[in-house]
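These notes concern the structure reproduced below.
The values are calculated or read from the model by the stated rules, or taken from the named source; none is laboratory data. Small disclaimer: the values here were computed from a predicted structure and weren't measured. Counting neighbours? That spans all protein chains shown, and the Cβs are built from the backbone with ideal geometry, glycine included.
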Amino acid sequence: MCIEFLHSEVVNFLNYNSLFTLNLKDRTITLYEDGFIDEESTELSKKQIFNKEILYSYQISPLIKNIYLESKIKEITGNDIKIIDHPDSEITGISCISCRYIVYENFDDSIFEICPVCYWQTDTLDEHGYSRLNKAYLSNYKNTSSCKEKIKQFKDIYVRK
């Protein structure tokens, strides 16, 4: 039996699950690295006033496929669910030029960003396909075993063009 949920309900549940299951050490590290606290103080990071910041740090991208979100719910609750809105076919955005997964919501988000799948950093290529930021030719990078392996790992998470 599959229980039906809206995409927003699943995302909210997963975000709050991250908040409630984050141990104190990781909570402290997150707050410190994101600049919300000035020192790695576990006493300070216990405070409720930081819950919104932690939730923001663990936001789930709207570009993630439903099958992945549904599997995460199954891992946590043991329940089979079906997301009844936000079909994968309607996921749009900007794809990484290396792995071709749609990982950026818009062009502005993609500028100089590092792809969460293959780690290619977006920049302008020269006439030979060389990237100064990545210190590699795009064609060579795409043919590395590391890049190919990451592409396989993320097939159920992101939509590929």
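Scanning the range 52-59 finds one or more residues that are of a type in the set (S, T, N, Q) and within 30 Å of THR92 (Cα to Cα).
Residue count for the range 1-38 under the criterion of being surrounded by fewer than 15 Cβ atoms within 10 Å (Cβ to Cβ), modelled with pLDDT of 95 or more and in contact with a strand residue (DSSP E or B) (Cβ under 6 Å, 6 or more places away or on another chain): the result is 2. Could you count how many residues in the range 141-161 are surrounded by fewer than 12 Cβ atoms within 10 Å (Cβ to Cβ) and either of a type in the set (Ser, Thr, Tyr) or farther than 30 Å from ASN66 by Cβ (or both)? Number of matching residues: 3. Determine if the range 73-89 includes at least one residue that is touching a residue at least 60 places away in the same chain (Cβ under 8 Å), part of a helix (DSSP H, G or I) and within 30 Å of THR124 (Cα to Cα). Scanning the range 73-89 turns up at least one residue that is touching a residue at least 60 places away in the same chain (Cβ under 8 Å), part of a helix (DSSP H, G or I) and within 30 Å of THR124 (Cα to Cα). For the criterion of being part of a loop (DSSP other than H, G, I, E, B) and touching a residue at least 40 places away in the same chain (Cβ under 8 Å), SER18 fails.
For the range 45-72, what are the residues that are part of a loop (DSSP other than H, G, I, E, B), under 18 Å from ARG160 (Cβ atoms) and in contact with a helix residue (DSSP H, G or I) (Cβ under 6 Å, 6 or more places away or on another chain)? The one that is part of a loop (DSSP other than H, G, I, E, B), under 18 Å from ARG160 (Cβ atoms) and in contact with a helix residue (DSSP H, G or I) (Cβ under 6 Å, 6 or more places away or on another chain): LYS65. Please verify whether the range 37-44 includes one or more residues that are more than 28 Å from ASN106 (Cβ to Cβ), part of a loop (DSSP other than H, G, I, E, B), touching a helix residue (DSSP H, G or I) at 6+ places or on another chain (Cβ under 9 Å) and of a type in the set (S, T, N, Q). Looking for residues that are more than 28 Å from ASN106 (Cβ to Cβ), part of a loop (DSSP other than H, G, I, E, B), touching a helix residue (DSSP H, G or I) at 6+ places or on another chain (Cβ under 9 Å) and of a type in the set (S, T, N, Q), one finds at least one in the range 37-44, hence yes.
Kindly evaluate ARG160 against the criterion of being more than 30 Å from MET1 (Cα to Cα), touching a residue at least 60 places away in the same chain (Cβ under 8 Å), not small (Gly, Ala, Ser) and not assigned by TED's automatic domain parsing to the domain that holds PHE13. For ARG160, the condition - more than 30 Å from MET1 (Cα to Cα), touching a residue at least 60 places away in the same chain (Cβ under 8 Å), not small (Gly, Ala, Ser) and not assigned by TED's automatic domain parsing to the domain that holds PHE13 - is not met. Restricting attention to the range 60-70 and to residues that are farther than 16 Å from THR92 by Cα and under 14 Å from the mean Cα position of the chain (by Cα), the residue that is surrounded by the fewest Cβ atoms within 10 Å (Cβ to Cβ) turns out to be TYR68.
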